[in-house]
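In what follows, a structure is listed as structure tokens, so that the remarks can point back to it.
The values are calculated or read from the model by the stated rules, or taken from the named source; none is laboratory data. All of these numbers come straight from a predicted model, not from anything done at the bench. Here Cβ is always computed from backbone atoms with ideal geometry, including for glycine, and neighbour counts include all displayed protein chains. Remember, those area values only see protein heavy atoms, side chains included, never the ligands or the DNA or RNA. Shrake-Rupley method; radii C 1.70, N 1.55, O 1.52, S 1.80 Å.
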Number of protein chains: 2
Amino acid sequence: MKRIFAMLVAALVATSAMNLSAQTVTSPNGEIAVTFTLNEGTPTYSVDYKGAPVILPSRLGFDLNGAEDLLGGFVLGGTETATFDEVWEPVWGEELSIRNNYNELLVRLTQEATERDMNIRIRVFDDGYGLRYEFPRQRELTYFTVAEERTEFALTGDHKALWMPGDYDTQEYDYFDSRLSEMGEIAAAHVSTNSSTTRFSDWGVQTALTMKSDEGIYITLHEATLVDYSCMHLLYNPDTKTFSSWLTPDAIGNKAYLQTPCVTPWRTGVITDDARELLASRLTLNLNEPCAIEDTSWIKPVKYMGVWWELITGASNWSYAEEGNIKLADTDFATLKPHNNHGANNENVKRYIDFASKYGFDQLLVEGWNVGWEDWFGQHKDYVFDFVTPYPDFDLPALQQYAKEHGMRLMMHHETSASVRNYERHMERAYQFMVDNGYNSLKSGYVGNIFPRGEYHYGQLMNNHYLYAIQKAAEYKIMVNAHEAVRPTGLCRTWPNLIGNESARGTEYQSFGGTHPHHVTILPFTRLQGGPMDYTPGIFRMDLTNIPGNSSKVLSTLANQLALYVTLYSPLQMAADTPENYERYIDAFQFIVDVPVEWSESRYLLAEPGDYVVIARKDKNSENWFVGGVTDDNARQLAVAFDFLDEGKEYVAKVYADAKDADYATNPEAYVIYEGKVTSKSQTLISAARGGGFAISVREATPADKRVKKLKKVL
Amino acid sequence: MKRIFAMLVAALVATSAMNLSAQTVTSPNGEIAVTFTLNEGTPTYSVDYKGAPVILPSRLGFDLNGAEDLLGGFVLGGTETATFDEVWEPVWGEELSIRNNYNELLVRLTQEATERDMNIRIRVFDDGYGLRYEFPRQRELTYFTVAEERTEFALTGDHKALWMPGDYDTQEYDYFDSRLSEMGEIAAAHVSTNSSTTRFSDWGVQTALTMKSDEGIYITLHEATLVDYSCMHLLYNPDTKTFSSWLTPDAIGNKAYLQTPCVTPWRTGVITDDARELLASRLTLNLNEPCAIEDTSWIKPVKYMGVWWELITGASNWSYAEEGNIKLADTDFATLKPHNNHGANNENVKRYIDFASKYGFDQLLVEGWNVGWEDWFGQHKDYVFDFVTPYPDFDLPALQQYAKEHGMRLMMHHETSASVRNYERHMERAYQFMVDNGYNSLKSGYVGNIFPRGEYHYGQLMNNHYLYAIQKAAEYKIMVNAHEAVRPTGLCRTWPNLIGNESARGTEYQSFGGTHPHHVTILPFTRLQGGPMDYTPGIFRMDLTNIPGNSSKVLSTLANQLALYVTLYSPLQMAADTPENYERYIDAFQFIVDVPVEWSESRYLLAEPGDYVVIARKDKNSENWFVGGVTDDNARQLAVAFDFLDEGKEYVAKVYADAKDADYATNPEAYVIYEGKVTSKSQTLISAARGGGFAISVREATPADKRVKKLKKVL
């Protein structure tokens, strides 16, 4: 990332306003106003949007363990205001440059009785605000232990919300769509577990949390820059209509350990009356630090296939031999009797490389390549994998060479089984092994309960681990896509080798019983606010019941799957299905072949959280545009205006849409493909089936297209 | 270690004795008998010595977490007996070869209702027994979690015991000398804390625990081969006169995690009616596995001095600048203002090298050489040290070169501050740094509460860490002396690069208020049963009150300090005091110069736990003998018979004894040195002051000694 334009107008006016009761900082456009008030010694804030309250006066502060709380008794030591305006270039992203423009208020507070300083920094952007606690170096506060952060978010009504249960270990839930007041009852009735599940209250929810008021105001609460702190959940009090921060504890129940000088993550709110602005918001990235990697030339978006869906669906196995009681240190896998259904075998991997290279993919993920999968899960054990030893039927150097000859690379896979001590013990050796063997990207996984025992996936200790893994990977020029890690908070700005995360319910759940069709209409407003998701779209065969042991159906149409390459932004995009399934619909597969993973521009055409999303993006390396649209479990007609195209030019649009009789439940693979000419003045109406959607590729017309007619259904 | 003689007479007779109620295995000499009895399905054992009971019938088994217990309902599946006799050569030790001779009984048990197998293996030696649980590979038991091990030790009377409070984090206690029945009251009244203290019951004690019955039988309970398990304490029930095993929990309260096939550590008892046999026992070593290191040529005993006592006493500091709030990652130590009392500065280190090299020392330990000591302790923090960055005033390569030119090496110091995740993250880089800079030995430390938080120093996770650190060190040919680690259980047989441990109250406490004079008369019977201790003897200036901030006096005479080089066996021996203090009594220092750290033979001349110890050892590389004797807080006359000397030869003995008016409390530095001729027929009586002792060096007489008279006070 290079700053191409920076303007800092710092109005560093220290006010000695001991008697100041309230101070307001507004967004550059004046629409959002955050007011800090010291209310009889208690720090509070409130947020208005276009003159009406969005967050009512809400308390700020902390309960500490072993020390007096930081909730009240404060006096104002002064305030500072500043204005910042900058345009920066991300290494990868939804556009070539991002404007970071905010007004800032720093409030200096001192707790009079204890002489402890706690400052509040507030930044207000046109699309929302961030606030954080800052603890300067000081005499009376050095080390302290947070029993709970007491940041409140007092809401103005019983909003509709897109939420999932709060959990210390997983975000792989389906979203619920309800009034805030209904959450408790729904959560109590909802039983969902996976490899590691730790809920803390029926009124607990995760961030990013997107709400809509009856007045049509959208509010997304999340956090930015989660560094050396535990992940924040929110606990709702239906009586006061107030959320309170609820941090993830450690093994002994503490929430965070801080040493001054330090800052907390930003507590953010994106606020708008146009849902498309939620998608366009770069507030989370803007609140993160600039890129910390000097040379980023090795960081490249990746389009990949994988020996993966056949494992997920149960068609083949990660393991090489029969599953059972294995100790890695004592086992010679070459002597084990293979069960002959090991997915990551030489022949199968070559088959994928043959197919993927034919269609221009960059990399092939191979899971189950390394020894240990015979007994890897559910035992909370220490030494599960060594990350460097392939199975006997996986000739790693030969396969990497084969990939290279085909213009590809293999992608590494490190499943840690959540045994983090073991992973850290092997990490640098495993990274060096990657470098030595031509790998430059890594999918890591943290399935199961954390070892060291008692820790949670989203606690401070683990958050430090995830960042450590990314930072160490950067030393080895390795790109990381961490699954089951904490949900992102924009750290990819600082560490752009973090090219992906899971941290939500991904496509795999379509093989584990299915995912609600509205899921992909929610993710862009919630999970994706923090950073890209390795959602692994592109499933073409929806009925999995032909696979022994699998009773699942993918709750999506094929056209919906294509749309996701545009609607779910990621610099890392997978074509998740198998070569044989793509061969069945090779004309539809062409969209996946054509769609890029690098963009110069993005336009958010239609958006309603939980209902529909239509996005258009321009290829970074051509004049082509790609449009994706998805709907929830309601069929609907989606209008696409092509006004993002250059005026006066003629383009050819190729539409991949649901067939008339398509339906995620009854006829998910029915699609139509049609082509037609469009200009910047064109509009078209596309019918999306239940759980459906569409994808469009748009290229400039050439003389060879003279017989192509105008796109049908153009309004 | 090389086996020089091995004889295995395996009488592997599988008995299908389902109806067998009891089976006894006796020691080779017939004096110790261990009887296993399946008492209505409950496994029990008992121990007799010379026909009288020592351990009454005691239960065996486990409470499990999440599964039915393994305490009763067992049926006998068969038994096997075997006899083993071998002589093996340790890499270092108290003698050149060790005999390992036992009779063995393996009892195969199956819990009928659950079809789970649990075997008991019992080995009986002439000096005691070991028993352990073995879980073979089986269908119905793979992973299991120990809620508590229920091994009992039912005693025959209210023995006298030398004990210290049970604690999950420290063994740095003074010992108590009381009846078993008195322990609870004493422990309740005893308040002692240090950097990390976690007691669990006033009736809990640590092993090795040495008791003496009213019939004069000595019993030492301990464990051997503590691998992948948590450390065992003992909980006493005064009503039943029974100890029960009490394991160290992990962060979530579990005691151990096992995966079949597996074995527990050995639960050992050394039993004798001659206390000298306790000292001569090699039972703990014999129950450990043979050496796992192929090439041991790089493992060498080390005699060293250190920039250490001046730090411990407060005369200088580990830190370079003023102590305070420091974050390692953010601190440039070169810019800090030095307080100018940093011990590990170039000039001071050279001064030590000059002195130590003049007197033939191998190495110089330097603590406080690396950045971070300004804020290293008590905050339970993660990133405390990086183990590779010297302070600005410590020119590491130049000092190592200076040492080399003087025939020495520097000894590395890694204080981890018990931040174990951080240490493991840096470990291999730190070891490589050692190799690159000419270090081959390491003192490591684990001061403070364990990070990851909630774990204890003696839990399974930490025990795995200590062994991991030793095994990794072996890869780099590094010898390790781990302080604050779990007390040893003979693992130095398998990993002889573990050349030392602290794991008890060392000399440092003489600077922290003092240690009871009987301490050194107890350690050889307790702590040293598991492996050598880096006790760091050799203090010559007992009054520390001249040092600002220090109000301590060393509760030992100078002659007692000299004796420790013989009475406390270690392949790693320090001359702990400073050059200037040795210069004051350079004639007494000559004993430390002369005493070797490698022995060919050891004789235990006089022994009464808690009262006195007199040991003679023969230098491995000459015909010289060295004798050491210590008493407790009672003055006493100790008789030394020189019958260990070769018959018919004449020797010159040089005695370093307490002066007539010496006394640990009032006149600790008063000593006398006298010389005289002795033969194998000589005996001498030496007066040891309160807290005193003596040391003798014995060399063959030469013609130059013709004027030397017979040793005075020869009986």
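Quick one: check the C-alpha center-to-center distance for segment A:519-558 versus segment A:634-657, whole angstrom.
Measuring centre to centre over Cα atoms gives 25 Å.
Let me know the Kirkwood hydrodynamic radius for segment B:79-157, please, with Cα pairs as the basis and the value in Å to one decimal.
15.5 Å
Report, in debye and to the nearest 20, how large the dipole of segment B:169-226 comes out about its Cα centre when Lys and Arg carry +1 and Asp and Glu carry -1 on their Cβ.
So the dipole magnitude of segment B:169-226 works out to roughly 80 debye.
No solvent, one uniform scatterer per C-alpha: report log10 I(q)/I(0) for segment B:463-559 via the Debye equation at q = 0.12, 0.15, 0.20 1/Å, two decimals.
-0.47, -0.67, -0.94
Using only Cα atoms, locate the centre of segment A:154-192 and the centre of segment A:19-96, then give the distance between them in Å, rounded to an integer.
Spelled out, the Cα-based centre of one part sits 26 Å from the other.
Given A:Gly128, A:Trp163, A:Leu180, which one lies farthest toward the positive end of the charge dipole of segment A:105-183, if we put +1 on the Cβ of every Lys and Arg and -1 on the Cβ of every Asp and Glu?
A:Gly128
Just counting partner chain Cβ atoms within 10 Å, what average do the residues of peptide B:449-461 show around their Cβ?
Mean partner-chain Cβ count within 10 Å for B:449-461: 4.
Stokes-Einstein D for segment B:626-715 at 25 °C, 0.890 mPa s, Kirkwood Rh over Cα pairs, in µm²/s?
Result for D is 184 µm²/s.
Please give every one of the lysines within straight-line cross-link reach of A:Lys654, meaning a C-alpha to C-alpha distance under 27 Å, and leave out same-chain neighbours fewer than 8 residues apart.
Cross-link targets: A:Lys303, A:Lys358, A:Lys618, A:Lys620, A:Lys677, A:Lys681, A:Lys706, A:Lys709, A:Lys710, A:Lys712, A:Lys713.
Which whole-number value in Å³ per residue fits the convex hull of the alpha carbons of segment B:81-122?
88 Å³
To one decimal in nm, how far is B:Val75 from the same spot in the other copies, if labels go 7 Å from Cα toward Cβ? Please give the shortest first.
8.2
Taking only the Cα atoms of segment A:498-643, how large is their convex hull per residue, in Å³?
Cα-based convex hull of segment A:498-643, divided per residue, equals 120 Å³.
Probe 1.4 Å, all protein chains in place: accessible area of A:Asp577 in Å², nearest 10?
0 Å²
Which distances in nm, rounded to one decimal and ordered from shortest, link the label point of B:Glu294 to the equivalent label points in the other identical copies, with labels set 7 Å from Cα toward Cβ?
B:Glu294 label point versus its equivalents elsewhere: 4.1 nm.
I need the inter-copy label distances for A:Val87: point set 7 Å along Cα to C-beta, values in nm with one decimal, smallest first.
8.8
Using alpha carbon coordinates only, what is the Rg to Rh ratio of the protein assembly as shown, with Rh defined as the Kirkwood radius?
On the Cα set of the protein assembly as shown, Rg over Rh gives 1.03.
Determine the principal axes of the Cα atoms in segment A:304-463, then give the extent along each, sorted from largest to smallest and rounded to whole angstroms.
Ordered largest first, segment A:304-463 gives principal extents of 47, 36, 29 Å.
Mind pulling the angle between the C-alpha long axis of helix B:346-358 and the longest principal axis of chain B? Nearest 10 degrees, somewhere in 0 to 90.
80 degrees
Lys/Arg Cβ at +1, Asp/Glu Cβ at -1, dipole of the protein assembly as shown taken about the Cα centre: which of B:Met479, B:His518, B:Tyr102 is farthest positive-ward?
Positive-end residue among those listed: B:Met479.
Give me Rg over Rh for segment A:564-715, both radii from the alpha carbons and Rh done the Kirkwood way, two decimal places.
0.94
Dipole of segment A:226-290, Cα-centred, from +1 at each Lys and Arg C-beta and -1 at each Asp and Glu C-beta, to the nearest 20 debye?
Magnitude of the dipole: close to 60 debye.
Of the beta bridges DSSP finds with both residues in chain A, what % are antiparallel, to the nearest 5?
Of those bridges, close to 85 percent are antiparallel.
Provide the net charge surrounding B:Asn634, with neighbours chosen by a C-beta distance below 10 Å and charges set as Lys +1, Arg +1, Asp -1, Glu -1.
Net of charged neighbours comes to -1.
Within 9 Å, Cβ to Cβ, of A:Asn286, how many net charges do the neighbouring residues add up to if Lys/Arg are +1 and Asp/Glu are -1?
Computed value for this residue: +3.
What is the helix-to-structure angle for A:558-567, meaning the angle in degrees between its Cα long axis and the longest Cα principal axis of chain A, kept from 0 to 90 and rounded to the nearest 10?
40 degrees
Averaged across A:247-253, how many Cβ atoms of other chains sit within 10 Å of each residue's Cβ atom?
Average per residue, whole number: 3.
Just the C-alpha atoms of segment B:288-371: what Rg/Rh do they give, with Rh taken as the Kirkwood radius?
Taking Rg over the Kirkwood Rh, I get 1.13.
All other residues with a Cβ under 9 Å from the Cβ of B:Tyr468 taken together, and with Lys, Arg as +1 and Asp, Glu as -1, what is their net charge?
So the environment of B:Tyr468 carries a net charge of +1.
Round to a whole angstrom and tell me the spacing of the C-alpha centers of segment B:390-407 and segment B:314-339.
20 Å
Is segment B:162-228 rounded, prolate or oblate when judged by the Cα gyration tensor, a ≥ b ≥ c being the square roots of its eigenvalues, rounded requiring a/c under 1.5 and prolate requiring a/b larger than b/c?
oblate
Measure nothing fancy, just the Cα-based angle from helix B:396-405's long axis to the longest principal axis of chain B, in degrees from 0 to 90, nearest 10.
Roughly 80 degrees between the two axes.
What does the C-alpha gyration tensor say about the overall shape of segment B:555-611? Classify as rounded when a/c is under 1.5, otherwise prolate if a/b is larger than b/c, or oblate.
oblate
Name the shape class, rounded, prolate or oblate, that the alpha-carbon gyration tensor gives for segment B:387-440, where a ≥ b ≥ c are the square roots of its eigenvalues, rounded holds for a/c under 1.5, and otherwise prolate holds if a/b is larger than b/c and oblate otherwise.
Judged from the Cα gyration tensor, segment B:387-440 comes out prolate (a/c at least 1.5, a/b above b/c).
If only Cα atoms are counted, what is the Rg of chain B, and what is its Dmax, in Å?
25.6, 82
Check cross-link reach from A:Lys241 to the lysines: straight Cα distance under 30 Å, and skip same-chain residues fewer than eight apart.
A:Lys50, A:Lys160, A:Lys212, A:Lys255
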